Structures are given as structure tokens and as C-alpha cells.
Amino acid sequence: MKKILSIIILSLIITSNGMAYEEANYEVVKKNENYEIRKYSDRLAIETEISNQGSSFRELFNYISGSNENNEEIKMTTPVTQVEKKGSMTMQFYLPSRFNKENTPNPSNSDVKILNIKGGYYATITYSGRASDKNFIKHKNILENELIKNNISILSPPIKATYNSPFTLPLLRRNEVMFEINIKNKGEI
């Protein structure tokens, strides 16, 4: 029985790690035991308002599956992010780095928007487990308190970033809370 269980766990680990997705590019500029500060470049994303998480994910997934003006399939990237904008929750997929404003196909669904997310500095805390609201809020509070304690100005609402499929074992999942922060020069951090 132990051997069968070991084989199943090993298969899940291989499967969850075997799906290499392009990740939004960043440079770590500071890291401590609680969080890290990253510098991101501008990046393109697709976005939709969240009515319910399943349909929002499906709308974005349909776009990368070819529901766009070119019927072009686009590789999945990580992370999938969720952030509040103007009182509504939105979900975002980042586009692969080969895309720019000129070669990004327009969505077929009017609820899906293409946007440029401006580069900047982001403080992040990484955690495993489920990306539940409870787990997210717990880590958001930890990060927010650390930033306040370190006199770092927060510029954005909290961003929920998930990196793994729902089939990944919770202890192997990578989730993050991110805040855009104000850094005038690298000497401040």
C-alpha cells in the first residue's frame, strides 16, 4: 500500500512540475525572511471582471484557446492574478513575452480586455496551500504589516497570484500576495 501511495504522489509531483509555463519576468531587488521586492517590466495581459471565478477563468481560457480575431492558440503563462479595480474584482492572464500591442489578437468576447500592466516595484509574500480567501487574507495582512513596519508605501490593492493548476497537491502549490509599492530609487530598499 505504501508503495502504491508513493507512486501516486510521485506521479502528481512529476505532473505538476512537468508543465513549465512562461512566468512574468522580474528581478528580485531585496529579499528577507518574510517577503521579497521585485522589479517587473511592463507586460501585456488579458482581463475580465469576475462574476464567478469559474466563468471568468473560462472567458480568459477561451481567449488563449483561440477565441480571438486570429483564432490563435496562445500558451498559458503564470501567474493568474486577481485584483480589485473600481469596486469590481478582475482576473488576469499574462500574455507570453513574444506579444506586443501590434501582434496581440483582439478578443472575440467583449468582456475580455487587453491591457498593459505598467512595470514597477512589487512586494510579494509566497505561501503554499489552497488559494482560498482565508489563506489569502492571512498572508495579505502579514505582508501589509511588514511593509508598514518597514515604512514602505503601498500603491495598489492586494493582488492574488496563483501559479498552479487546481490538481496540484496543496502543499506543492505556489500562491502569492503582491502589492505595488513606491520605490523612488534602489537606495531606499
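Matching residues to (1) at pLDDT 95 or above; (2) within 22 Å of LYS86 (Cα to Cα); (3) touching a helix residue (DSSP H, G or I) at 6+ places or on another chain (Cβ under 7 Å):
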site	(1), (2), (3)
LEU143	yes, no, no
GLU146	yes, no, no
SER153	yes, yes, no
PRO158	yes, yes, yes
ALA161	yes, yes, no
PRO166	no, no, no
ARG174	yes, no, no
GLU180	yes, yes, no
LYS184	no, no, no
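Taking the stretch 148-161 as the search range and keeping residues that are under 17 Å from the mean Cα position of the chain (by Cα) and either among the hydroxyl-bearing types (Ser, Thr, Tyr) or more than 18 Å from TYR26 (Cβ to Cβ) (or both), which one is most open to solvent (accessible area, probe 1.4 Å)?
PRO157
Could you check the stretch 130-147 and list, in sequence order, the residues that are surrounded by fewer than 16 Cβ atoms within 10 Å (Cβ to Cβ) and not acidic (Asp, Glu)? The answer is ARG130, SER132, LYS134, ILE137, LYS138, ASN141, ILE142, ASN145.
With respect to ARG98, determine if the residue is outside any helix (DSSP H, G or I), exposed (fewer than 15 other Cβ atoms within 10 Å of the Cβ) and touching a residue at least 12 places away in the same chain (Cβ under 8 Å).
The answer is no for ARG98.
When TYR127, TYR163 are checked against the criterion of being under 20 Å from GLU23 (Cβ atoms) and touching a Pro at 6+ places or on another chain (Cβ under 6 Å), a single residue qualifies: TYR163. Test TYR21 against the criterion of being at pLDDT 90 or above and of a type in the set (Phe, Trp, Tyr), and give yes or no. Answer is no for this residue.
The values are calculated or read from the model by the stated rules, or taken from the named source; none is laboratory data. Not measured: the values here are computed from a predicted model. Cβ sites come from the backbone with ideal geometry, for glycine too, and all protein chains shown count toward neighbours. The accessibility values were calculated without ligands, DNA or RNA, using every heavy atom of the protein model including side chains. Shrake-Rupley method; radii C 1.70, N 1.55, O 1.52, S 1.80 Å.
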